[in-house]
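The values are calculated or read from the model by the stated rules, or taken from the named source; none is laboratory data. Note that the coordinates shown come from a computational prediction; the quantities given were computed from them, not determined experimentally. Cβ atoms come from the backbone with ideal geometry, glycine included; neighbour counts cover every protein chain shown. Ligands, DNA and RNA are stripped out before the accessible areas are found, and what is left, the full protein with its side chains, is counted by its heavy atoms. Shrake-Rupley method; radii C 1.70, N 1.55, O 1.52, S 1.80 Å.
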Amino acid sequence: MYKLFFNLVFKRLDPEKAHHLAFFWIRLASSIPGLRNVVAAVLAPRDPKLRTKALGLDLPGPFGLAAGFDKNAVGIDGLTMLGFDYVEIGTVTAQAQPGNPTPRLFRLIEDRALINRMGFNNEGSAAVAARLAARPKGSKAVVGVNIGKTKVVPEAEAVGDYVTSTERLARHADYFVVNVSSPNTPGLRNLQAVDQLRPLLSAVRETLDANTTGHIPLLVKIAPDLADADVDAVADLALELQLDGIIATNTTIGREGLRSDAAKVEAVGAGGLSGAPLKSRANEVLERLYARTEGRITLVAVGGIETAEDAWQRILAGASLVQGYSAFIYEGPFWCRRVHKGLSALLAASPYATLGDAVGAAARR
Ligand SMILES: Cc1cc2nc3c(=O)[nH]c(=O)nc-3n(C[C@H](O)[C@H](O)[C@H](O)COP(=O)(O)O)c2cc1C
């Protein structure tokens, strides 16, 4: 049904317009309590065996929506209604910014992939913090907050920019992510170098502690394009700073192995590639991180996860949590339900009692 709808409606629309339309419907459905409950009952039936403890949080399952879909925290409850076990909002920057000129989001349908150069279009951390503060207190949705650098702020002043967003958003996050891996903000990925990353992560950690009473888990999100030695260096730094986790990975600037017409890909131009073609490198980075950190830090896998089998493979490779974005566009509203059902079946057929027992099992064999 969704595939037909995608081909008849979404495929004909500009991808960013289709995103806004779909997100509007999700929010509309979740604003009508009776409808929200019916949709959630169909799409988000939670097998208790999938309950996941990670980052000190108790989640209904391991499967979250990756950053970038809900940049301004406008639809957390609607996305939870669709079955996501947690929603990572953002990337949010200290100053509001429009992002890059449109068009800036492209589909490579033959590759089940997207290319985006959105450029952190968002309302800024003050507006997003106000919105999160206004959320109903009883909401059970688990919210990750992902922050990045304002484009006009020079690299040398990046720490202050991240700290400003942290001060505003700390109280509203179940976990916090420092994003240094988007390819669409000039210079941002230089912050992944450990001598830049150490003061940045230390400052964000201190600011989180100064602005909250409990411990807010802090993670760093890295690019798939890092050289292996740099992946190891980030892993070592994360252990040194006692970070809570690493999210691997963001989109890639690579274009290898695509089925789409090369001229079409070339015409799209710059941007981060996500979806199926990212699967193998994202998995490699995860495996490397797990080998390096030996299970001492929580790993969150993202990049090309489309099916329950993909999610299961990442869990076996060392991920405690998994996320996705691009496959949501191609799979539609039944995506979470399918992934959860598949994961339940894979867990039941495995020797493990819980998903937690399966984490890293492939690396331990
Ligand atoms: C349109 C779009 C916008 C994105 N925006 C962000 C962002 O603002 N911050 C971020 O950390 N990642 C962002 N991402 C990257 C995703 O969170 C994810 O890391 C990446 O897409 C790989 O996962 P996937 O293959 O499941 O899409 C974006 C991805 C897409 C497709």
Between Asp236 and Leu4, what length in nm is gained on full extension when 0.36 nm per residue of separation is reduced by their alpha carbon distance? 78.8 nm
If the chain between Ala348 and Asn190 were fully extended at 0.36 nm per residue, the gain over the current Cα-Cα distance would be 52.6 nm
Compute, for the chain, the length of the dipole vector about the Cα centre, with Cβ point charges of +1 (Lys, Arg) and -1 (Asp, Glu) only. Units Debye, rounded to 20. 1200
For segment 2-364, what proportion of DSSP beta bridges, expressed in % and rounded to the nearest 5, is antiparallel? 30
List residues of segment 37-79, by number, whose backbone nitrogen lies under 12 Å from a label position 7 Å along Cα→C-beta of Ser139. 72-79
Ignoring the sites themselves, what is the longest stretch of the chain with no GluC sites (Glu not before Pro) in a DSSP loop and at most 14 other beta-carbon atoms within 10 Å? 1-255
If you roll a 1.4 angstrom probe over the protein chains with everything in place, what fraction of the accessible area of segment 110-175 belongs to carbon and sulfur, to the nearest %? 54
Taking the chain and counting helices only, DSSP H stretches of n ≥ 4 at -39,500 (n - 2.57) each over all residues, the nearest-500 ellipticity at 222 nm comes to -12500 deg cm²/dmol
Accessible solvent surface per residue of the chain, calculated while the other protein chains remain in place, 1.4 angstrom probe, Å²: 41
Of Val231, Ala345, Ile32, which is farthest along the charge dipole of the chain in the positive direction, counting Lys and Arg as +1 and Asp and Glu as -1 at C-beta? Ile32
For peptides 314-325, 271-282, 192-203, sequence by mean Cβ density within 10 Å, most packed first: 314-325, 271-282, 192-203
Percent of all alpha-carbon pairs of the chain at distances over 30 Å, whole number, is 32
In debye to the nearest 20, how big a dipole does segment 1-151 give about its Cα centre with +1 on each Lys and Arg Cβ and -1 on each Asp and Glu Cβ? 60
Rel. contact order, % - alpha carbon contacts under 8 angstrom, at least six apart, the chain: 18
In segment 216-326 the DSSP beta bridges are antiparallel at a rate, in percent to nearest 5, of 10
Classify segment 112-238 as rounded, prolate or oblate from the Cα gyration tensor: take a ≥ b ≥ c as the square roots of its eigenvalues, call it rounded if a/c is under 1.5, otherwise prolate when a/b beats b/c and oblate if not. prolate
In order over segment 292-305: 3J(HN,Hα) from phi, Karplus 6.51/-1.76/1.60, θ = phi - 60°, whole Hz, x for each Gly or Pro, gives 6, 9, 6, x, 8, 9, 6, 10, 10, 9, 8, x, x, 7
Lys and Arg at +1, Asp and Glu at -1: neighbours of Gly68 with Cβ under 14 Å from its Cβ sum to +1
State the answer as a single residue: which of Leu79, Asn211, Val265 lies farthest towards the positive end of the charge dipole of the chain, with beta carbon charges of +1 for Lys and Arg and -1 for Asp and Glu, about the Cα centre. Leu79
